[in-house]
Amino acid sequence: MQLCGVRPYFSDKFHITKHPKYKYPSDADPKNGALRKPPPVQSTLSDIFSAFYPVQKLKSAIRNPASSQDQPAQNAVDENIRTWWKAAARDKTPWLQVDLGDSCSVHAVQINFADDMGLAPQLPQGARLVGEAGRGRYIEERSFCTGWLLEASADGKSWFILEDKRNAGTDLPHDLVVKPEGISARYIRLTVTDTPYGAPACVSGLRVFGRGQGNAPGQAVKVKALRTDGMTMQVNWQGDAVGYEVLWGHRPDKLYHSYRVFASTELEIRALMADVEHYYVRVDAFNKNGITVGEVVSVEW
Ligand SMILES: [Ca+2]
């Protein structure tokens, strides 16, 4: 899931400006309501998406005893919604377990279920297609549920419940469990108990948001940005962080666009405006412990 450069929600309740670390840009205009004080709330989704990055170490530390052969459990923690874990068809209580590496303050868990094209459409007994010949369709009139149990643990042996939706009666393809105060845990486990049509459980993302107890990464160094044509630039840098937020704009203090990358130190951006003469870039490094802001560099042209 990528939220880069886009305000995820368009309501006062979830407005990013109410985040305690948010600062209005120098050109904010009170005439259009830019400085209107947001209403006080106890917790916010923007806290999670702007202040906490996924704390699971990508492509590692995930367990599952039975997966389909070509859709392993790792697909649930690769930050790619186009890939998913698919439980083995024989597994009647499929589960996923994420090891965060050490104890972390967990503030939210996002669960993204996936539709797997491998589910062969088969009409229920007695059902008929309606509509034009050759273009018929079947309309399901029953309600289905997706049931699951989310647990956490400090040692992988003793578990406590974060959220129990085994009897929720809903079929949400995406769900978010928020713990505003944060809970201390090293392991997160998802057990899927019910799916529509009894299909094998498929999860494209089991995303744990929060903060670890170690140090933030070192700053990205040797940042070089070269504009290869009017609308394209190539950005390279060095560092050993889990991921980077590449921000750019037409002034050093107006870096309003961003692109997030994991496990990479290069990025081609094809989103520049040809009639803008100068661009500036900053590369921020992050890991589960924090964010290290980079230096602003001018894009060579
Ligand atoms: Ca995925």
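Here, each number is a calculation from the coordinates, and none is a lab measurement. These figures come from a predicted structure and were not determined experimentally. All Cβ positions, glycine included, derive from the backbone under ideal geometry; neighbour counts span all protein chains shown.
Using the Cβ-Cβ distance between F160 and D275 with R0 set to 51 Å, the FRET efficiency from 1/(1 + (r/R0)^6) comes to roughly 0.35. Computed extension length for E140-Q122: 5.3 nm, one decimal, from 0.36 nm per residue of separation with the Cα-Cα distance subtracted. The stretch 222-239 and the stretch 174-206 have their alpha-carbon centroids 38 Å apart.
Grab the other residues whose beta carbon is less than 15 angstrom from that of D164, score K and R as +1, D and E as -1, and report the net. Here the charged neighbours net out to 0.
Per-residue Karplus couplings for the stretch 179-187, computed as 6.51 cos²θ - 1.76 cosθ + 1.60 with θ equal to phi - 60°, are listed in order as 10, x, 7, x, 10, 8, 7, 10, 10 Hz, Gly and Pro entered as x.
Full-extension gain between D70 and T170, please, as 0.36 nm times their residue separation minus the C-alpha to C-alpha distance.
Separation in residues times 0.36 nm, less the Cα-Cα distance, equals 33.1 nm.
Cut-off 20 Å, label point 7 angstrom out along Cα-to-Cβ of Q238: give me the residues of the stretch 213-228 whose amide nitrogen falls inside. It comes to 217-226, nothing else. Along the stretch 277-288 the Karplus relation, 6.51 cos²θ - 1.76 cosθ + 1.60 evaluated at θ = phi - 60°, assigns HN-Hα couplings of 6, 10, 10, 10, 9, 9, 10, 9, 9, 9, 9, 6 Hz to successive residues, with x for each Gly and Pro. Over the stretch 221-298, calculate the relative contact order: mean separation of alpha carbon pairs under 8 Å at least 6 apart, over the residue count, as a percent. That works out to 33 percent.
What's the FRET efficiency of E266 with I81 using the Cβ-Cβ distance as r and R₀ = 22 Å, to the nearest 0.05? Efficiency computed from Cβ-Cβ geometry: 0.45.
Ordered by the count of other Cβ atoms within 10 Å of each Cβ, fewest first, F262, F113 give F262, F113. What is the sum of charges, Lys and Arg at +1 and Asp and Glu at -1, for the other residues whose Cβ falls under 15 Å from the Cβ of Q219? Value of the local net charge: -1. With 25 Å as the limit on Cα-Cα distance, the pairs of K86/K179; K23/K288; K222/K288; K21/K165; K21/K222; K157/K179 that go past it are K86/K179; K21/K165; K21/K222.
For the stretch 221-298, a simple Cβ point-charge model (Lys and Arg +1, Asp and Glu -1, everything else neutral) yields a dipole of about 120 debye relative to the Cα centre. The Cα-based radius of gyration of the stretch 143-301, divided by its Kirkwood radius, gives an Rg/Rh of 1.12. Here the dipole of the stretch 147-250 is about 360 debye; that uses its Cα centre as origin and unit charges on the Cβ of Lys and Arg (positive) and Asp and Glu (negative).
Percent of C-alpha pairs per 10 Å bin in the stretch 227-301, short distances first: 20, 55, 23, 3. Residues whose amide H falls under 5 Å from that of H257, counting only those 5 or more places apart or on a different chain, are W248, with hydrogens built in the peptide plane. Hull volume per residue, based on the alpha-carbon atoms of the stretch 229-270 and their convex hull, is 78 Å³. Remark: the stretch 161-174, residue by residue, has Karplus-estimated 3J(HN,Hα) of 7, 8, 7, 10, 10, 5, 10, 6, x, 10, 10, 8, x, 9 Hz, where x stands for each Gly or Pro and the curve is 6.51 cos²θ - 1.76 cosθ + 1.60 at θ = phi - 60°. Of the trypsin sites (Lys or Arg not before Pro) found in the stretch 104-170, those that fall in a DSSP loop while having at most 16 other beta-carbon atoms within 10 Å are R128, R135, R142, K157, R166.
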